[in-house]
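Heads up, the thing below is written out as structure tokens.
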Amino acid sequence: MDKALWVVRDKITTKRAIDDLMADATTRGIHDVVVQVRGRGDAYYASKLEPRSETLADDGFDPLAHLVRAGAAVGVRVHAWGNVFFVWSSPEGALPKSAEHLVRRHPEWLLRPGGVKYLDPVGGSDWEGIYIDPKNGEAREHTLTVFTDIVSRYRVEGFHYDYVRYPQVTYADSSEDGAAVTALVSEGAKRLRKARPGIVISAAVFPDPDIARERVLQRWPEWARAGLVDLLCPMAYRRDTAEVARLLTKARAAAPKTRMWGGLMAYAGERALIREQVRAAEHAGCEGAILFAYDPMQRDLLDVFAAA
């Protein structure tokens, strides 16, 4: 069974952190890492299209270049992870510092339900931050240009979509607006495969296809049937292993011919739970399991995940 790790952007800010990641993966026989290089409309790589992340030192260090080099040296495949429609959040409610950030440069691209100010957390408990409007063609074009730039310049194994959805259905004008999300995935398949033949296109998705479609307009079974993605990662983040098994079994039935890695949460200290849930993913018919998320402070969980 394949094992993979989601690696959040705060774990790749230095060479040392990336070298530790590669050592942690290879010593445990984990050969795929899905690494967040576009977190909030910003870049953890050398980009002329979007600003360098505010969390990176201004020292010219290119995390993605080092990831690709380090991965090639030890046999770890690097999948570049890009957040799609979710482009900004700030605990302080601050705007991006860079005038080049799309939130400041193109406010007309942003999703503003009911004309609300785009930094107001008015969407209720599910509000996460600022999204671009999936129906805005210019915003989609920019996003795909960014993704194509990454795969054309870096020798990545794959490209991974996250937040490829609406924040909630209440942010859409109609349930038909999901077609705009699918339009990006469809065009992305053409461009990314042309830019890097053989690339593995993957997506993190809500595990229950009905909830995905109805609540966030994410029609991933359609993407699978049309061959627009090569690998699905249903995020079955639940403590209840029976519920994880139910969700992944339902996901597997909705996309029976597409490779699937069951997405599991790394609950601190829950070693027995991780072992159970990897088994549940395998019994559900998943070809692999992917852990959210890599944390060098929780190597005990990595050990159990890798060995399960």
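The values are calculated or read from the model by the stated rules, or taken from the named source; none is laboratory data. A quick note: this is a predicted structure, and the numbers were derived from the prediction, not measured. So basically every Cβ, Gly included, is an ideal-geometry build from the backbone, and we count neighbours across all protein chains shown. Surface areas here come from the heavy atoms of the whole protein model, side chains and all, with no ligands, DNA or RNA. Shrake-Rupley method; radii C 1.70, N 1.55, O 1.52, S 1.80 Å.
Considering only Cα-Cα distances, which of the following residue pairs are longer than 30 Å: K15/K135; K190/K257; K3/K194; K11/K97; K48/K250? K15/K135; K48/K250, as the Cα separations exceed 30 Å there. Computed from Cα atoms alone, the Kirkwood hydrodynamic radius reported for the chain is 19.6 Å. With a Förster radius of 25 Å applied to the beta-carbon distance between A179 and Y267, the computed FRET efficiency rounds to 0.10. GNM on the chain, C-alpha springs below 10 Å: top fluctuator among V164, V37, V68? Checking each option, the largest mean-square fluctuation is seen for V68. Between E214 and D20, the modelled label-to-label distance comes to 4.4 nm, taking each label 7 Å out from Cα in the direction of the beta carbon. At a Förster radius of 41 Å, what calculated FRET efficiency corresponds to the Cβ-Cβ distance of R112 and M1, to the nearest 0.05? Result of the calculation: an efficiency of 0.40. Counted without the sites themselves, the longest stretch of the chain free of trypsin sites (Lys or Arg not before Pro) in a DSSP loop having at most 11 other beta carbon atoms within 10 Å is 118-238.
The sum of -39500 (n - 2.57) across all DSSP H runs of n ≥ 4, divided by the residue count of the chain, sets its helix-only mean residue ellipticity at 222 nm to -11000 deg cm²/dmol. Excluding ligands, DNA and RNA, the accessible surface per residue across the chain is 42 Å² with a 1.4 Å probe. The equivalent ellipsoid of segment 141-297 has semi-axes of 26, 19, 14 Å, largest first, where each one is the square root of 5 times an eigenvalue of the Cα gyration tensor. The convex hull drawn around the Cα atoms of segment 1-123, when projected onto a plane and averaged over every direction, covers 9.2 nm². Rolling a 1.4 angstrom probe over the chain with all protein chains present gives an accessible area of which 50% lies on carbon and sulfur atoms. Here the Kirkwood formula, the inverse mean of 1/r across different C-alpha pairs, assigns segment 83-226 a hydrodynamic radius of 15.9 Å.
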